[in-house]
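The values are calculated or read from the model by the stated rules, or taken from the named source; none is laboratory data. Source: prediction; values computed, not measured. Here Cβ is always computed from backbone atoms with ideal geometry, including for glycine, and neighbour counts include all displayed protein chains. Only protein heavy atoms, including side chains, enter the accessible area calculation; ligands, DNA and RNA are left aside. Shrake-Rupley method; radii C 1.70, N 1.55, O 1.52, S 1.80 Å.
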Amino acid sequence: MSYSIHGLGQFYLGSQAGYANNHLNTNNALAKNNDGSGYVVSGNCYYFFKKAFIETDIMLISKNYTFQKPGNYNAIYQQYKNNYVQLPLVFGFHAFKKHQFSVVVEGGFFIAYWLQARIKGVLPNVYNSIDSMSSNGRIMQYAYLTQYSIKYTFTNSDNRWELGWIGGVGIQYAIKPNTILLLNGKYFYSLTNKQKNDHNNQIQGYNETGLISVGVLLKFCKNKKTDKN
Amino acid sequence: MKLLKKIYSAYILVVFLLLLNSCTRQPIIYNSVKPTTFKNVFENYWNEMKRNYVYWDIDITNWDDVYSKYAPVFSELNMNNSNDVRACVRYFRDITKNLVDNHYTIDFINSLIADSSIFPAYERKKNLPAFHEPYPYWKIDTNYLDKGYLIGKNTNFINNGQPLTILYGTIQNKILYISFNHFSLAESFGTSTGTSIQLILQAYFSMLDNLPENIKGLIVDVRSNLGGDLNDLNFFAKHFVNTQHLFGYAQYKIGDGLYSFTPWFPAYINPANLSKNISKPIIILADNFSASTAEALVMFVKSIPNSTFIGETTFGATGAIINDSSMNYGSFTISNFMHVQTSSARFKYIDGKIYENEGFPPDIFIPFNLTAIQNGHDIALEKAIDRIQ
């Protein structure tokens, strides 16, 4: 008995989970703009053709980033934790395929909705300070660093819908005729500003998110008889 | 299966049409580094205000209306026309006239209007019937002090044209008195010109840490004290408490959104090592030119039991000006054209109220009386002395 990675015209359903790394492309000149780590979980639907496939998912993905002060103030930061529900639509083809193993290249687009956000950070509370006298008789003053973590309240200026392009590569391995293991790397490039463009010169920011995920696909309907006796 | 295919097809169509409508990013637009037109100046200013200003939720100025009204006006102005350059001061004055941030000022860098400045809070106050300019009360208050009082000055620290001046002594050997006209106390320590300030403060702090039996009460006088270094607040007030003392809350701008704030952080005075709780009556004197850090000190003293505030309602500039780069929001500069001073944080007293633009009210109102002062009488100080006796 033998089986190939998939046959023609087959639906697979599955799920994936992984790591997401986000960069906010913006013009904040006052702080270092650090990428943010996060997670992705998704439910997946694949439709396979002979040498290609279409994939759509519903995914919960975090698009985090951190602004950190440079130099002497590097203990001061703001970490933005944003959760999106995202619907990608991906067209893929098998760049390399041998028996149960296949390397795929993917491209497509996505639509996302900014579900929820949180801002965590540290800043000096100038209303909570201490001082001491240095050896030269000068007074040195210090404000206590204070942590905060708040749920972000969306305003009319926030653009909660996001559209963009996707590129990716992946490995698919069919361990059974109806079961495929996945390892995917995808890059989501947003085309929409996080802020509405209601006036000129406003601060703008675009998410750029890379993810690595693993998962499994199971055939949705009964396989056609393809096995040889 | 057919249903799934239909859903798939519809989804592909919708997303594809949406993407066709916005298939490339708009370029990230930076505020012009050196604006060359009044349109640039106004739009940079308008955006920076939108990002930096901390009172949008309580301000009566509608910033979107400002854009609608003034964007066309500034677009018509010519940067190379001196009349237009001068006219813009009038427009900025009109735009800012009702802003509630009483620290708010605009200073112009453009050489044609470098002698112009805008201070909306002052311009509003000077039209009030009870308005008076800051007054150097120390010049007549020496008459009330016992022999041996001390005056210290540091001419390296000037505020509103006045060098830092401290007057310290006792009144009738029963009352410990101190006044100073701005907050650059800690900065004076260790400087060659600040020796007298340092000696006086050390003497005063030493007295506070070991109050003699004969002292029945204290008077702290910050009338016409325009504020200054906020760090001075703890530096001075830490000698009045022996445990961490809550006197209000501060809130900081942390995002570009109009209402993007931290939670309210507690505002504390942290005690000095040797300090004791001052249990004797404390009277704080302030007037309508007691501003900023001076108002914070008034509110701190008022949060101590057995304290009384005598004088006039304070200036109402209760937020914090933080000019170092630890904050992302607050004062800003439109390159080559103007500098805007505005608060990076706002403050509310322990009663939960923000006194910005309103001022902190006295327990006992004693209005400024120039005639009495010219006759050598400081009525507010006399009231404070009577109250302690």
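Look at B:N270 and say whether it is modelled with pLDDT under 95 and either over 22 Å from B:K353 (Cβ atoms) or more than 13 Å from every other protein chain (Cβ to nearest Cβ) (or both). No; evaluated as a whole, the condition is false for this residue. Filtered by the rule that a residue be assigned to a strand (DSSP E or B) and open to solvent by 50 Å² or more (accessible area, probe 1.4 Å), the range A:84-104 gives A:L87, A:F91, A:F93, A:A95, A:F96, A:K97, A:K98, A:F101. Would you check if there is a residue in the range A:135-145 being touching a helix residue (DSSP H, G or I) at 6+ places or on another chain (Cβ under 9 Å), under 30 Å from B:K34 (Cβ atoms) and within 13 Å of another protein chain (Cβ to nearest Cβ)? No; the residues of the range A:135-145 include none that is touching a helix residue (DSSP H, G or I) at 6+ places or on another chain (Cβ under 9 Å), under 30 Å from B:K34 (Cβ atoms) and within 13 Å of another protein chain (Cβ to nearest Cβ).
If we scan the range B:176-184, do we find a residue that is under 20 Å from B:N234 (Cβ atoms) and within 14 Å of chain A (Cβ to nearest Cβ)? Yes: the range B:176-184 contains one or more residues that are under 20 Å from B:N234 (Cβ atoms) and within 14 Å of chain A (Cβ to nearest Cβ).
Here the strands (runs of 3 or more DSSP E) wholly within the range B:319-360 that include at least 3 residues being within 12 Å of chain A (Cβ to nearest Cβ) are B:345-349. Scan the range A:31-42 for residues that are open to solvent by 30 Å² or more (accessible area, probe 1.4 Å) and touching a residue at least 24 places away in the same chain (Cβ under 8 Å) and the total you get is 6. Taken over the range B:236-259, the criterion of being facing another protein chain (nearest Cβ under 9 Å) and open to solvent by less than 10 Å² (accessible area, probe 1.4 Å) is satisfied by B:F247, B:G248, B:A250, B:Y252, B:I254, B:G255. Within the range B:68-83, the set of residues being assigned to a helix (DSSP H, G or I) and open to solvent by less than 30 Å² (accessible area, probe 1.4 Å) comprises B:Y70, B:A71, B:F74.
If you filter the range B:279-295 down to residues that are open to solvent by less than 10 Å² (accessible area, probe 1.4 Å) and either outside any loop (DSSP other than H, G, I, E, B) or at pLDDT below 95 (or both), you find that the one that is nearest to B:I215 (Cα to Cα) is B:I282. Can you find a residue that is in contact with a Phe, Trp or Tyr (Cβ under 8 Å, 6 or more places away or on another chain) and at pLDDT 95 or above anywhere in the range B:15-38? Yes, the range B:15-38 contains at least one residue that is in contact with a Phe, Trp or Tyr (Cβ under 8 Å, 6 or more places away or on another chain) and at pLDDT 95 or above.
Candidates B:E213, B:E187, B:E133: the one that is closer than 26 Å to B:F360 by Cβ, in the same structural domain as B:L285 (by TED's automatic domain parsing), open to solvent by 10 Å² or more (accessible area, probe 1.4 Å) and modelled with pLDDT under 95 is B:E187.
Just one of the listed residues (A:Q100, A:Q78) is away from chain B (no Cβ under 12 Å) and modelled with pLDDT under 95, namely A:Q100. Restricting the search to the range A:14-64, which residues are of a type in the set (V, I, T) and farther than 16 Å from A:L181 by Cα? A:T26, A:V40, A:I54, A:T56, A:I58, A:I61 - these are the residues of the range A:14-64 that are of a type in the set (V, I, T) and farther than 16 Å from A:L181 by Cα.
The one condition from (1) closer than 19 Å to A:A143 by Cα; (2) open to solvent by 10 Å² or more (accessible area, probe 1.4 Å) that B:N306 does not meet is (1).
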